[in-house]
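Read-outs throughout are calculated quantities, based only on the coordinates presented, and are distinct from any laboratory measurement. Just so we're clear, the structure is a prediction, and the values are computed from it rather than from any experiment. As a convention, Cβ positions derive from the backbone with ideal geometry for all residues, glycine included, and neighbour counts pool all protein chains shown.
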2 protein chains.
Amino acid sequence: MSLTHALLGLIAARPSSGYELTKLFQGSLAHAWSARHSQIYPALAKLRAQGLIVQREEGARRRKVYEITEAGLAEMRRWLIETEPERSNRNQAILRAFFLWLISAEEAEAYLRREAEYHRQQLARFREITASGSFVTPSTGLVLEWGTRYEEALADWAERAADAVAPKRRRRVSEGPSPPRRTHT
Amino acid sequence: MSLTHALLGLIAARPSSGYELTKLFQGSLAHAWSARHSQIYPALAKLRAQGLIVQREEGARRRKVYEITEAGLAEMRRWLIETEPERSNRNQAILRAFFLWLISAEEAEAYLRREAEYHRQQLARFREITASGSFVTPSTGLVLEWGTRYEEALADWAERAADAVAPKRRRRVSEGPSPPRRTHT
DNA sequence: CCGGGCATGTAACTCGTTACATGATTAT
DNA sequence: ATAATCATGTAACGAGTTACATGCCCGG
């Protein structure tokens, strides 16, 4: 299970509380995985019960700081070395692209320009994080490199797709045979 | 809800049965969204109850063919034009990259080379689909263009990352300050 | 003294997967 | 005949989100 191992790996990098881990999932980690506090706290309790983490201190505001155990580290390495990553992808923005032929060329273009704009902003964000050097784990550099490439590729794709569907000079959304050209109302 | 609109959009492109839709989710659509038949059949029943699709024929082997209604088309356009795409991403392979510092440079390199290989295969698959011209909807071309770019970018990233972590000439997984260099056992 | 951020938890619900179950038609 | 594939469903479970709930500590 990914959440379990994400928590384990973050705690391996630095002993943390549930609250801190929640913040990490909102930061540069959000690009690869996300989780809310309501999912994190029960997961931590379970990891603790399994002996993969231990609660060392209890700080101010009843803050609970967890550290990884030897068993936890072993489990983390087993996961990385012996198991294959799950290859399921869900991207709603790309899913929508399948259905852009249902709206007018102007509307499809507007959608794709907004997408391009969004990903250019994300790209800027990644460049800032990279410049700031705030690393979640020692191998965060690899991930930031990917994030940058990904946002660049998406922004570029969306921009070109927007150009391709733009109604200027009779271009069309469709690229398949016999375009249905259903523009609504 | 994405599944609902994915079904609606696919049926808009061509009247289909639950079985056919299930197959589509395993093909080129899988890259953007996936669903199993156990989720699809109840969803279709719900869409039908809402009047967004209708069951026209009932063919051999009690096959049920659904068509989109005007209300269904309107809902699809509303979704595309008026709602923002959900931006949550989950990529277990990238999540793992955060934790590669926990294993040896050799193991991390092996992981990244396997990743590169996997994505080169996916890239080949996308090129085949593009060449075969089997389009799920008339705007499938846009999506295939993205799929190709995505797999290319990932394969390239994984290969370069593998080079970067390779133990030759004292290179290391870590790119952060003071690399912990924990190689197990 | 009180508002905001720190900090942790539970409950109800939806979404998605795995497993169970069954019937119909075609090709060998 | 019988195996494979077509075809449709339900049940049980696990993962993930939203909403509810509460207490602690610091700064103004």
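Summary table
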{"item": "Relative contact order computed over chain B (Cα-Cα under 8 Å; 6+ residues apart), in percent", "result": "22"}
{"item": "Rough spin-label spacing in nm, given labels placed 7 Å along Cα→Cβ, for A:Glu84 and B:Glu128", "result": "1.6"}
{"item": "Cross-link partners of B:Lys46 among aspartates and glutamates (Cα-Cα below 20 Å; sequence separation of 8 or more within a chain)", "result": "B:Glu20, B:Glu57, B:Glu58, B:Glu67, B:Glu70, B:Glu75"}
{"item": "For the protein assembly as shown: Kirkwood Rh in Å [reciprocal of mean 1/r, alpha carbons]", "result": "22.6"}
{"item": "Additional length obtainable on full extension of the chain from A:Arg14 to A:Arg113, 0.36 nm per residue less Cα span", "result": "31.6 nm"}
{"item": "Kyte-Doolittle at least -0.5, axis length at least 30 Å by Cα - qualifying DSSP helices, chain B", "result": "B:140-165"}
{"item": "CD proxy at 222 nm, helix term only [per DSSP H run n ≥ 4: -39500 (n - 2.57); per residue of the protein assembly as shown; nearest 500]", "result": "-19000 deg cm²/dmol"}
{"item": "Debye, to nearest 20: dipole size of the stretch B:2-88, +1 on Lys, Arg Cβ, -1 on Asp, Glu Cβ", "result": "380"}
{"item": "Efficiency of FRET between A:Ala49 and B:Ala30 - r from beta-carbon atoms, R0 45 angstrom, step 0.05", "result": "0.80"}
